[in-house]
Each structure stands twice: as structure tokens, then as C-alpha cells.
1. Just need the Rg to Rh number for the range 22-97, please, alpha carbons only, Kirkwood Rh.
2. Where in the chain are the helices, taken as whole DSSP H runs, whose Cα atoms extend 24 angstrom or more along the long axis and whose Kyte-Doolittle mean reaches at least 0.5?
3. Would you mind working out the accessible area per residue for the chain, using a 1.4 Å probe, and quoting it in Å²?
4. How many percent of all Cα-Cα pairs in the chain sit more than 26 Å apart?
5. Counting only protein chains, not ligands or nucleic acids, how are 48, 86 ordered by accessible area (probe 1.4 Å), most first?
6. Could you tell me what percent of the accessible area of the chain is made up of carbon and sulfur, with a 1.4 Å probe and every protein chain present?
7. Using a Förster radius of 35 Å, what is the FRET efficiency between residue 153 and residue 107 based on their Cβ-Cβ separation? Nearest 0.05, please.
Amino acid sequence: MSGQTAAGAPEEDDRSLVNTRWQRTLDVLSVIGPPLTVATALLVYFGWARTDAQAKAMGLDVSLFGYTVQDFILRSIQSLFQPLAWLAVIGLLWLMLDRAVSRLLDASRHRTLLHRTALVVLVLGFAFAAVMWVVVVTQPGRTLLYVPFLIAAGLIVGA
């Protein structure tokens, strides 16, 4: 035989079962971890930025308030709720548009029209993003808060 006892086989099965469990746990953490980290960092940043703007409006420094990370996260919810709601609505509309275009492509009779439309949308999306970027660079004082979102939207539509 190979030198293993009957009692040794279940012990190796237990080790492989534990290794499989650890591997599954690490796989789940590697999928959930990075998006959760980015979302938390954004919440902290937006909470800090909002609090910093309010403190500067009063002529104070944000560090005087002694807020914790949890405080910044809670203060960011009011600032981020509306953009995140719009993002969810736009995402659902995008998904519906994608499914409609996929159905049209499967029909194959509108393929050339769809390719031409896609080319026009690509050019217009990137041109819109470029124009918004030029506005930001040439007139930084007149740039509104949502212009970076418009640039991102132009790039996403173009892509």
C-alpha cells in the first residue's frame, strides 16, 4: 500500500474540506470586498466634503467638530441620495435599451441602420464629453457641480 492508514484518509478529507471552505470564503470576499471598499471611501469623502463646505461657510475648519468616519458616512447620505437614485433609474433605462437593441440585432433586418446609429451615438457621446471638458478647462469659475457627471455620461454613451 501507499503507507496510509485507514484513519489517515478521513483526516486528509477534512483538510481538503477546510481548504475548499477557505477558498470559497476568499472568493466571496474578493468579489464583495473591492466594491464595498470603494463605496465606503466615496461615502466618507462626500460626507467630509459636505461638512468641509459647511464649515468653511461659517469660517471654521472641519477638524474643529471632531467628526468620526461614521459621522462623515452618515452626513454623506443626504448628499448622495438623489444622484444614486438617478443612477439607478438611468441604469434600468440603459438595461431596457440594451435589451431592445439586442432584439433588433437578432431580427437582422435593421442591422445596417443600427450600426450607423451606433456610430453616430459614439461620435456624439465622445464629442459631448470633449466639449464639456473644454468648458471645465477654459471656464473653471463657471463650471457647475454636475459637469463632471456630464463628462462621464458622454464617455459612457460613447463607449
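The values are calculated or read from the model by the stated rules, or taken from the named source; none is laboratory data. In this text the structure is predicted, and so the values were computed from the model without any measurement. We place every Cβ from the backbone using ideal geometry, glycine too, and count neighbours over all the protein chains shown. Accessible surface areas use protein heavy atoms only, side chains included; no ligands, DNA or RNA. Shrake-Rupley method; radii C 1.70, N 1.55, O 1.52, S 1.80 Å.
1. Rg divided by Rh gives 1.15.
2. 69-107, 111-138
3. 80
4. 60
5. Descending accessible area places them as 86, 48.
6. 70
7. 0.75
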